[in-house]
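Notes follow the structure.
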Amino acid sequence: MKEISAKELKQLMDDKKDFQLIDVREEYEFDEVNINGELIPMGEVMENIDKISKDKQVVVHCRSGKRSATVISALESQHGFTNLYNLKGGILAYIDEVGL
């Protein structure tokens with residue numbers, strides 16, 4: 001599984017790169033703190049596959065990186081995605097390494 005660090009993600013944002021950021025946490029987690037990703041809770045990902053780009057880099061994140069890794073594994077094995085990157089350490093690492 002491909003991973004991206006918090007600092008690498010921040011660089012993508014700063015450079016205004018064309019990528020998609022997907023947050024697979026629950027809505028209450030998203031409401032507490034978010035980094036402007038598109039909210040698709042883990043339990044709803046499979047019914048929202050059409051919202052996930054296959055044409056550009058897609059960074060998937062959750063709180064610590066575990067749920068997003070599970071989602072990426074499922075999307076890669078069941079739907080043939082090859083453009084997905086897991087945010088290493090999740091939003092916790094982003095807050096710790098980059099800040100909000």
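Under 5 Å between amide hydrogens, built in the peptide plane, is the criterion, and for LEU39 it picks out ASP23 among residues at least 5 positions away or on other chains.
In summary, the aspartates and glutamates within cross-link reach of LYS10, defined as a Cα separation below 19 angstrom excluding same-chain residues under 8 places away, comprise ASP18, ASP23, GLU38, ASP96, GLU97.
Seen from all directions on average, the chain presents a Cα convex hull projection of 5.6 nm². With just the Cα atoms defining each centre, how far is segment 7-52 from segment 58-73? Give it in Å. Cα centroid of segment 7-52 versus Cα centroid of segment 58-73: 10 Å apart. Placing +1 on the Cβ of every Lys and Arg and -1 on the Cβ of every Asp and Glu, with no other charges, gives segment 9-100 a dipole of roughly 360 debye about its Cα centre.
Here, each number is a calculation from the coordinates, and none is a lab measurement. None of the values given here were measured: they were computed from a predicted structure. We place every Cβ from the backbone using ideal geometry, glycine too, and count neighbours over all the protein chains shown.
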